[in-house]
Amino acid sequence: MIDSITVQKDFEITTLTNRSTELLMLNKAVNQDTLQLHFCIKGTGTLQYGPHYSRSVLAEQSLLLYNPDMSLPIDLSLSPQSEYIVFIISIQEFHAFFSQVAELIHFLNEENRNKKYYLEKQLSPAEILVLKQLLDGDRNNVMQDLYQRGKAYEVLSLYFGKKDEATESCPFLDSEENVDKIKRVKQLVINNMAEPPTLQELADDVGLSVSKLKEGFKHIYGETVFTFLFDYKMEYARKQLVSRKFNVAEISYQIGYSTPSHFIHAFKKKYGTTPKQYVMSLT
């Protein structure tokens, strides 16, 4: 399934969800003065540039492309069971978004603003969460369009948010083995979200010190282990509420809360509304 969202003039989003066993194809002409942001949430997207060159965007990865000297038409093939989003923004509109903080974004400063730009980066859990919300939407909500536009701007603010200069370089992550260990930690946390291991147990399991685990996880995923876990549990709960397969007490148990009242408090802290109010807003 391919959908388009018009956020505003010269800012368009294409969402792709491939639930089939075949490749899903997207071919789209793009103006020369346009910036592209590709987000692969799940699976793999492959961009083809001419007959001899292609670039894959893997799950939880992003790709930013801008070339003022030539157009970069989108020739995308999306693997089965994949989810993918493309932001297409004119460079004029993009400059307007960030005019007050242009010096914080490398390719917007005066020295680089007319040069081509390319960036691959890992998506943080916060970015993935908002991208999933943008993709899934609240399809029964009469304010769906406004909701999706708000999520689009939230993605941009997270993606281009200024990083702490002290964590800009992390020699620990130069080792692929260490990166793999941090990714294993993330999966362990997800697999055991109802009864999560302690930091020491996680560190022992993957063979890292607690301090290295905390440092590496924060650098790769942009937040602490347990902040990531909280966000993951709340998004899981939100999806279960949308599905209407389980009641609040059952969902509370699934994600490890001792009482429904604790879950309700946590959900309201995250989304500003109670689970019951959220479900009612979907009707």
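The values are calculated or read from the model by the stated rules, or taken from the named source; none is laboratory data. Just so it is clear, the structure is predicted and the values come from calculations on it, not from any experiment. So basically every Cβ, Gly included, is an ideal-geometry build from the backbone, and we count neighbours across all protein chains shown.
Check whether at least one residue in region 90-102 is in contact with a strand residue (DSSP E or B) (Cβ under 7 Å, 6 or more places away or on another chain), surrounded by fewer than 20 Cβ atoms within 10 Å (Cβ to Cβ) and modelled with pLDDT of 85 or more, and report yes or no. Looking through region 90-102, at least one residue is in contact with a strand residue (DSSP E or B) (Cβ under 7 Å, 6 or more places away or on another chain), surrounded by fewer than 20 Cβ atoms within 10 Å (Cβ to Cβ) and modelled with pLDDT of 85 or more.
For region 249-274, a residue qualifies if it is of a type outside the set (Ser, Thr, Tyr), part of a helix (DSSP H, G or I) and under 26 Å from the mean Cα position of the chain (by Cα), and the qualifying residues are 251, 254, 263, 264, 265, 266, 267, 268, 269, 270. The set of residues in region 15-34 being crowded, with 18+ Cβ neighbours inside 10 Å and either in contact with an Asp or Glu (Cβ under 9 Å, 6 or more places away or on another chain) or closer than 19 Å to residue 134 by Cα (or both) consists of 15, 16, 17, 18, 34. When 46, 17 are checked against the criterion of being assigned to a strand (DSSP E or B) and under 20 Å from residue 66 (Cα atoms), 46 stands alone in meeting it. At least 2 residues being under 26 Å from residue 85 (Cα atoms) and at pLDDT 80 or above is the threshold, and among the helices (runs of 4 or more DSSP H) wholly inside region 111-214 those reaching it are 125-136, 144-159, 176-191.
Test residue 221 against the criterion of being surrounded by 15 or more Cβ atoms within 10 Å (Cβ to Cβ) and out of contact with any helix residue (DSSP H, G or I) (no Cβ under 6 Å at 6 or more places or on another chain), and give yes or no.
Working: surrounded by 15 or more Cβ atoms within 10 Å (Cβ to Cβ): yes; out of contact with any helix residue (DSSP H, G or I) (no Cβ under 6 Å at 6 or more places or on another chain): no.
Spelling it out, it is not the case that residue 221 is surrounded by 15 or more Cβ atoms within 10 Å (Cβ to Cβ) and out of contact with any helix residue (DSSP H, G or I) (no Cβ under 6 Å at 6 or more places or on another chain).
Across region 17-28, what is the total count of residues that are within 23 Å of residue 49 (Cβ to Cβ) and touching a helix residue (DSSP H, G or I) at 6+ places or on another chain (Cβ under 9 Å)? Steps first, please.
The first filter runs over region 17-28 and keeps only residues within 23 Å of residue 49 (Cβ to Cβ), leaving 18, 22-28.
Checking the rest, the ones that are also touching a helix residue (DSSP H, G or I) at 6+ places or on another chain (Cβ under 9 Å) come to none.
So the answer is 0.
For region 254-269, which residues satisfy the criterion of being over 19 Å from residue 187 (Cβ atoms) and either of a type in the set (Lys, Arg) or surrounded by 15 or more Cβ atoms within 10 Å (Cβ to Cβ) (or both)? Within region 254-269, 257, 260, 263, 264, 266, 267, 268, 269 qualify.
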